[in-house]
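Input: a single structure, listed below in structure tokens.
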Amino acid sequence: MADMHELLRLLGELDDQLVSCMRCGMCQAVCPIYGQTGREGDVARGKISLLEGLAKELVKDPQGVQDKVTRCLLCGSCAANCPSGVKALDIFLKARVILTGYLGLSKVKQVIFRGMLTKPGLFNTMLGVASKFQGLFTSPVNDIIGSSCSKFLSPVLGDRHLMLLAKTPLHSEVPSLDTPAGKSGLKVAFFPGCLADKIFPRVGHAVLKVLKHHGVGVYLPAGQACCGIPALSSGDKQSYEKLVRANLDVFARGKFDALVTPCATCTSTMKKIWPTMASGMSQSDQQRIVELSAKVMDVNAFVVDKLGLKAPQPKAGAVSVTVHDPCHLKKSLGVSAQPRTVLRMNPAYNVVEMAAPDTCCGCGGSFTLQHAEISAKIGMQKRDNIVGSKAQVVATGCPACMLQISDMLSRSGDQIAVRHPMEIYAESL
């Protein structure tokens, strides 16, 4: 149970934010979950109505409220399209913290977040061991995508097609870096994120290759932790704040012009959510968050906006690539044109647009596990749009979206590769 004074403080913050919702219903048109269920409780307006009586509902039916509030992708579509500027994502994250503080964190999540995730060394070691034995329980199913399936894990994961842990994570191949600025005159801190480190290290290597090519110095410190969003999404503010402080400490040792990451979710978390959720932390931590978050950039945006890259014309017979806009990249950060420019930097590829490239893929982190059926329905709509583009490759700037899209395409037997824009650009260097 959380400290009651902290819960009351958060309830006060929540009440102040709830009053701005006019109940206009504009969120209905863009909510991917409401699009599948048609339930008022699944859309932002319905959840906000429920949260207005949260203090009373906590006593009456706290579990029921938690079930409704966690039935959300946290994609930010509602906030991006709200005429009143309601910060729905902030509201739902605070509500989850309040509910978890009142109900307590489940034993399983305590083990995952407090026992492993907040201990980066142990977390890396355990996943390293798991990577060596995963082949015993999985079978490859799609060579183009690189996906596998597992009958052994089907009771937990259902019919998912998985992207396995890398045999060698990025942090093992590149434990740390501290190179000076070259011809660009710029130096960046590099935050790969958990998925680019442990499942898609090829993305991390592509980023390092691009930065080196352009003469950008890199500060890649050892001991980086998760950005904290998995814990915060589950309402575990204790683990979240521990992870934030760990990263603040690690990056405080270096000097750099920007902090770049190839993960849309990590970028949005560090730039937007860290400052928003800092009010309960110490003044010194709040100041450090303000200073670091101001430097955070999506790596595609850094390469295009700071290095001034201009794309050449594609070659004849170029490979067609379509683009999925991650919710946290376009809707939270306004980054959409830059990943396309990065793709066009490789003249062997030609960008073709799919229908509705910025609709959610249905991942939402743990949402895809807790609400597998809805997640898959949303994901299959994205799959249909990708296939409809007739592209040979789909690119996206979020490793979590890469997981979901790989799953959907693989389950359907599609032979369409899933890549990060930086991978495709790095191929040409």
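The values are calculated or read from the model by the stated rules, or taken from the named source; none is laboratory data. Quick caveat: nothing in here was measured; it's all calculated off a predicted structure. As a convention, Cβ positions derive from the backbone with ideal geometry for all residues, glycine included, and neighbour counts pool all protein chains shown.
A few remarks follow.
- Set side by side, the residues 38, 25 differ, and just one is touching a helix residue (DSSP H, G or I) at 6+ places or on another chain (Cβ under 8 Å) and small (Gly, Ala, Ser), which is 25.
- Screening the candidates 381, 404 for the property of being closer than 19 Å to residue 146 by Cα and part of a helix (DSSP H, G or I) yields one hit, 404.
- When each of 99, 105 is tested for being in a helix (DSSP H, G or I) and of a type outside the set (Phe, Trp, Tyr), the lone residue that passes is 99.
- First in the range 297-322 and closer than 18 Å to residue 203 by Cβ, second anywhere and of a type in the set (Phe, Trp, Tyr) and not in a helix (DSSP H, G or I), Cβ under 9 Å, 6 or more apart: 299/190; 321/349
- Of all the criteria given as (1) part of a loop (DSSP other than H, G, I, E, B); (2) within 29 Å of residue 79 (Cβ to Cβ); (3) not basic (Lys, Arg), the one not satisfied by residue 316 is (2).
- Candidates 376, 391: the one that is part of a loop (DSSP other than H, G, I, E, B) and either within 20 Å of the chain's Cα centre (by Cα) or of a type in the set (A, V, I, L, M, F, W, C) (or both) is 391.
- The set of residues in the range 336-359 being hydrophobic (A, V, I, L, M, F, W, C) and out of contact with any strand residue (DSSP E or B) (no Cβ under 7 Å at 6 or more places or on another chain) consists of 337, 342, 345, 355, 356.
- Qualifying residue in the range 324-342 (condition: outside any helix (DSSP H, G or I), within 23 Å of residue 429 (Cβ to Cβ) and of a type in the set (Gly, Ala, Ser)): no
- For residue 71: the one exception among (1) surrounded by fewer than 23 Cβ atoms within 10 Å (Cβ to Cβ); (2) closer than 26 Å to residue 275 by Cβ; (3) charged (D, E, K, R); (4) in contact (Cβ under 8 Å) with a residue 40 or more places away in the chain: (2)
- Residues located in the range 159-178, provided they are touching a Phe, Trp or Tyr at 6+ places or on another chain (Cβ under 8 Å) and within 21 Å of residue 256 (Cα to Cα): 177, 178
- Tally of residues being outside any helix (DSSP H, G or I) and within 22 Å of the chain's Cα centre (by Cα) across the range 182-206: 8
- One residue stands out in the range 309-328 among those that are hydrophobic (A, V, I, L, M, F, W, C) and closer than 12 Å to residue 351 by Cα: the one that is modelled with the lowest pLDDT, namely 311.
- When the range 22-61 is filtered for residues that are in a helix (DSSP H, G or I), modelled with pLDDT of 85 or more and of a type in the set (D, E, K, R), the ones remaining, listed by number, are 40, 42, 45, 47.
- Contacts under 8 angstrom Cβ, first residue in the range 153-181 being assigned to a helix (DSSP H, G or I), partner of a type in the set (Ser, Thr, Tyr), 6 or more apart: 157/150
- From the list 366, 375, the one residue that fits, being among the polar types (S, T, N, Q), crowded, with 21+ Cβ neighbours inside 10 Å, touching a residue at least 24 places away in the same chain (Cβ under 8 Å) and closer than 16 Å to residue 327 by Cβ, is 375.
Let's see how each residue does on (1) crowded, with 21+ Cβ neighbours inside 10 Å; (2) closer than 26 Å to residue 281 by Cα; (3) of a type outside the set (Lys, Arg); (4) outside the structural domain of residue 369 (by TED's automatic domain parsing):
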residue	(1), (2), (3), (4)
22	no, no, yes, yes
37	no, no, yes, yes
84	no, no, yes, yes
88	yes, yes, yes, yes
95	yes, yes, yes, yes
110	no, yes, yes, yes
